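Reviewing the structure listed below.
The values are calculated or read from the model by the stated rules, or taken from the named source; none is laboratory data. Note that the structure is a prediction, hence the values are computed from the model and not measured. With ideal geometry, Cβ positions are generated from the backbone for all residues, glycine too; neighbour counts draw on all protein chains shown. Quick note on the areas: whole protein, heavy atoms, side chains included, nothing else; ligands and nucleic acids left out. Shrake-Rupley method; radii C 1.70, N 1.55, O 1.52, S 1.80 Å.
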Amino acid sequence: MAVGSVWVAARVCRRVLRRAFSLHKPHSITDMENTLQLVRNIIPPLTTKKHKGQDGRIGIVGGCQEYTGAPYFAAISALKVGADLSHVFCTREAAPVIKSYSPELIVHPVLDSPSAVRDVETWLPRLHALVVGPGLGRDNVLLENVKGILEASKARDVPIIIDADGLWLIAQHPALIHGYRKAVLTPNHGEFTRLSDAVLRDLVDGSDHREAVRRLSQALGNVTVVRKGERDVMSDGEHVLECAHEGSSRRCGGQGDLLSGALGVLVHWALHAGPEKTNGSSPLLLAALGACSLTRQCGHQAFQKHGRSTTTTDMIAEVGPAFRRLFET
Ligand SMILES: NC(=O)C1=CN([C@@H]2O[C@H](COP(=O)(O)OP(=O)(O)OC[C@H]3O[C@@H](n4cnc5c(N)ncnc54)[C@H](OP(=O)(O)O)[C@@H]3O)[C@@H](O)[C@H]2O)[C@@H](O)CC1
Ligand SMILES: Nc1ncnc2c1ncn2[C@@H]1O[C@H](COP(=O)(O)OP(=O)(O)OP(=O)(O)O)[C@@H](O)[C@H]1O
Ligand SMILES: [Mg+2]
């Protein structure tokens with residue numbers, strides 16, 4: 001492309017983004033398509049010149065006696081989206097179970113150990129993003145360890161995605177994440193209400209999801225918030241984006257875990273791509289839009305094949321084809 005055309009394309013892109021990210025106007029399908037084009041920009045090319053690990057080493061913090069599926073879904077989704085290595089930091093008894101689901105995951109049975117924070121900390125320099133919460137449970141010993149892991153990750157500037165019981169912890173201790181600009185919170189309906197009750201002084205009009213999400217993000221010091229639901233609404237306290245990409249009507253458990261694992265990879269890619277590729281827009285918002293669109297596309301494709309019997313495992317089988325369809329055609 002000639003230099004002039006690059007410049008024009010960049011200008012058009014910036015205009016599109018201003019519209020797509022505008023606070024009050026609902027955006028058109030064309031705007032959304034153009035914003036998805038920016039998501040495509042952050043995807044690293046597949047070449048023979050890279051070494052293992054370069055396209056993403058993602059850590060999942062979660063997995064306990066009750067929940068082994070959630071961290072598995074998040075970790076395998078990260079790999080299927082394109083990460084090279086996926087680590088799970090879970091309790092001792094959850095580890096053999098999670099390992100047995102897949103030989104592709106690296107599983108550390110450390111989360112209930114007295115040395116949990118140090119054990120995870122040794123891996124932090126090698127991780128590009130940490131997803132905290134899927135299948136974590138609410139045991140106080142584990143939550144105390146996760147507090148330390150969050151502090152250590154922030155000190156190392158590691159991007160953090162917080163979901164599920166990680167959000168339970170944040171609702172008790174919002175200061176843990178307040179103002180950390182490399183954090184993304186992914187609450188479902190119930191988790192969003194809990195967080196809002198914990199950190200917002202005044203009531204927000206519950207029907208205005210865009211404003212409610214923007215306010216929560218602002219109250220948390222502009223961390224990026226992704227409220228999952230019939231439409232996914234995401235904000236960094238300034239800009240608001242919505243994803244209404246066609247998904248499925250199945251609400252089986254685990255779809256949020258798929259989203260959080262995918263988001264871990266996309267956040268790494270978006271931050272790594274740099275402002276030229278993201279055109280000055282928020283890398284975390286672009287990553288969030290990409291992960292929401294992808295999860296919904298997986299749901300849509302899986303539902304077409306399996307209908308009412310669709311489960312998250314069927315959706316994970318669609319990650320490759322859905323990714324190609326959304327981002328590589
Ligand atoms: N296979 C596995 O291992 C899986 C394990 N998982 C793991 O389970 C753990 C707990 O996570 P969670 O989301 O179930 O717990 P929590 O925050 O108590 O929410 C439940 C409460 O919120 C409500 N509620 C929820 N959504 C709502 C909505 N859209 N709209 C309205 N209400 C809604 C709901 O209300 P109810 O319908 O019961 O009245 C209920 O009270 C966590 O570690 C997670 O990772 C899951 O990832 C799944 C797969
Ligand atoms: N009513 C809905 N219609 C369409 N898609 C939805 C709806 N609710 C949620 N989703 C989609 O499902 C995905 C997961 O959101 P959900 O609210 O189920 O998360 P969750 O409750 O955290 O899931 P999990 O069971 O993994 O904990 C998101 O991509 C979201 O867009
Ligand atoms: Mg969840």
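Placing +1 on the Cβ of each Lys and Arg and -1 on the Cβ of each Asp and Glu in the chain, which of 90, 272, 132 has its Cα farthest towards the positive end of the resulting dipole? Result: 272.
Here's the picture: charge each Lys and Arg Cβ at +1 and each Asp and Glu Cβ at -1 in the chain, and of 44, 253, 170 the one pushed furthest to the positive end of that dipole is 44. In the chain, the longest principal axis of the Cα atoms and the axis of helix 283-306 are about 80 degrees apart.
In the frame of its principal axes, the range 69-127 has Cα extents of 32, 26, 16 Å, reported largest first. Against the chain, whose longest principal axis comes from its Cα atoms, helix 189-199 is set at around 80 degrees. Computed extension length for residue 106-residue 238: 43.8 nm, one decimal, from 0.36 nm per residue of separation with the Cα-Cα distance subtracted.
The alpha carbons of the range 76-231 stretch over 46, 30, 26 Å along the principal axes, in descending order.
For the listed peptides 212-219, 153-160, a ranking on the average number of other beta carbons within 10 Å per residue, highest first, reads 212-219, 153-160.
Taking only protein heavy atoms and a 1.4 Å probe, the accessible area of the range 51-328 is 48% carbon and sulfur.
Based on protein heavy atoms only, the chain ends up with 45 Å² per residue of surface accessible to a 1.4 Å probe. Charged side chains reduced to their Cβ positions (Lys and Arg at +1, Asp and Glu at -1) give the chain a dipole of some 960 debye around its Cα centre.
Taking Cα atoms only, the orientation of helix 140-155 departs from the longest principal axis of the chain by about 50 degrees. For the residue pairs 99/154; 182/228; 49/182; 80/182; 50/228; 182/305, alpha carbon separations beyond 25 Å are given by 99/154; 49/182; 50/228; 182/305.
Whole-Hz Karplus values for the range 167-182 come out as 6, 4, 5, 5, 5, 7, 9, x, 4, 4, 10, 3, x, 7, 7, 9 Hz, taken residue by residue from phi with 6.51 cos²θ - 1.76 cosθ + 1.60 and θ = phi - 60°; glycine and proline positions read x. Taking amide H as placed 1.01 Å from N in the peptide plane, residue 129 has its amide H under 5 Å from the amide H of 57, 59, each at least 5 places away in sequence or on another chain. From the P(r) of the chain, can you give the percent of Cα pairs sitting at distances over 25 Å? Value for the chain: 47 percent of Cα pairs lie more than 25 Å apart. For the range 259-268, 3J(HN,Hα) computed residue by residue from phi via the Karplus equation (6.51, -1.76, 1.60; θ = phi - 60°) reads 4, 5, x, 4, 5, x, 5, 5, 5, 4 Hz, glycine and proline entered as x.
Looking only at 288, 317, 70, which one moves most when the chain is put into a Gaussian network model with springs between Cα atoms under 10 Å? Looking only at 288, 317, 70, the largest GNM fluctuation is found for 317.
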